[in-house]
Amino acid sequence: MESKSKGPAYGRNLVKQALDSSYSYEGYRELVAGHAAAQTTTGSNPSQAYIDYTQLNHRRMRRWEKQFKLPDTTVSWLSQGVRPQIWLVLTESWCGDAAPVLPVLQAFASSSPNIELRIALRDAHPDLIDRYRTEGALAIPKLLVLDPDSLEVQASWGPRPAVLMRMVRKYKEQHGTLSPELRETMQRWYNRDRGQALLSELVALLTLEKIGDGAFLGGTIRFAETGS
């Protein structure tokens, strides 16, 4: 949920700043490819680990782009029209979850003229990601669903499907931080799932099928409260 420590106008200004410096999916892929080739990384922590993750993510995204396809039924449903919206994603080139998530988001956007996908770098917009923390963390990728006219955030998703959210939550309770071994386990889960969990959650987000207090599918989707 959006923080109420500052008003809606402040939030919209942060969103506009992020949009003004954002990339199309194709532009973001060129950015990541360039960093991978130069052995550099985005973000405020240009460590060797993040450089290595950027190179790995570039290869993983290419594989996902080739392998993931939306079901014909979903493509048909999207072609019938969803309300106009902007999908603004905050991420970085080193983010492991973004590698499988972004190609799936792009598949949705490319199948609907009413969904515009934009990608901005998290570390360039600290105040915006601070308003959309996940369980206290500046977790990415974070998807913000925007009204294209008002730029109000209507819903958010991220940083990963609900099954993995529960896995990570349990692991942190036991170990405190995520290990390289767990990150590899998560990537194997993404590969086995083939994007189906995220597909279901995005369909739920688009249809606005609220349940209970507004949390969806394990708490990965949140809808903005009226007047926030």
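The values are calculated or read from the model by the stated rules, or taken from the named source; none is laboratory data. Predicted, not measured: the structure shown is a model, and the values here were computed from it. Methodologically, a virtual Cβ is constructed for each residue, glycine included, from the backbone with ideal geometry; neighbour enumeration extends over all protein chains shown.
What the table shows:
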quantity	calculated
Residues of region 111-137 satisfying the condition of being farther than 18 Å from Thr42 by Cβ and touching a Phe, Trp or Tyr at 6+ places or on another chain (Cβ under 8 Å)	Ile115, Glu116
Any hit, region 32-40, residues being surrounded by 12 or more Cβ atoms within 10 Å (Cβ to Cβ), polar (S, T, N, Q) and either at pLDDT below 95 or not in a helix (DSSP H, G or I) (or both)	yes
Close pairs (7 angstrom Cβ cut-off, 6 or more residues apart or separate chains): part of a helix (DSSP H, G or I) in region 179-193, hydroxyl-bearing (Ser, Thr, Tyr) anywhere	Leu182/Tyr171
Filtered residues of region 194-220 (kept if at pLDDT 95 or above and assigned to a loop (DSSP other than H, G, I, E, B))	Arg194, Gly195
Qualifying residue in region 87-95 (condition: at pLDDT 95 or above and more than 25 Å from Thr185 (Cβ to Cβ))	yes
Within region 113-146, tally of residues that are out of contact with any strand residue (DSSP E or B) (no Cβ under 8 Å at 6 or more places or on another chain) and free of Cβ contacts under 8 Å to residues at least 60 places away in the same chain	8
Residues that are surrounded by fewer than 21 Cβ atoms within 10 Å (Cβ to Cβ), among the polar types (S, T, N, Q) and part of a loop (DSSP other than H, G, I, E, B), drawn from region 72-101	Gln80
Test: residue in region 58-69 that is part of a loop (DSSP other than H, G, I, E, B) and either modelled with pLDDT of 95 or more or crowded, with 21+ Cβ neighbours inside 10 Å (or both)	yes
Tabulated pairs, region 147-164, first within 21 Å of Gln196 (Cβ to Cβ), second among the small types (Gly, Ala, Ser) and buried (at least 17 other Cβ atoms within 10 Å of the Cβ), C-beta under 6 angstrom, 6+ apart or interchain	Pro159/Ala139; Pro161/Ala197; Val163/Ala197
Extreme residue, farthest from the chain's Cα centre (by Cα), among residues of region 194-205 that are surrounded by fewer than 20 Cβ atoms within 10 Å (Cβ to Cβ) and in contact (Cβ under 8 Å) with a residue 60 or more places away in the chain	Arg194
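Conditions (1) closer than 23 Å to Asn57 by Cα; (2) touching a Pro at 6+ places or on another chain (Cβ under 7 Å); (3) surrounded by 13 or more Cβ atoms within 10 Å (Cβ to Cβ), marked per residue:
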| residue | (1), (2), (3) |
| --- | --- |
| Asp147 | no, no, yes |
| Gln154 | no, no, yes |
| Arg160 | yes, no, yes |
| Val168 | yes, no, yes |
| Lys172 | no, no, yes |
| Gly176 | no, no, no |
| Glu181 | yes, no, no |
| Met186 | yes, no, yes |
| Tyr190 | yes, yes, yes |
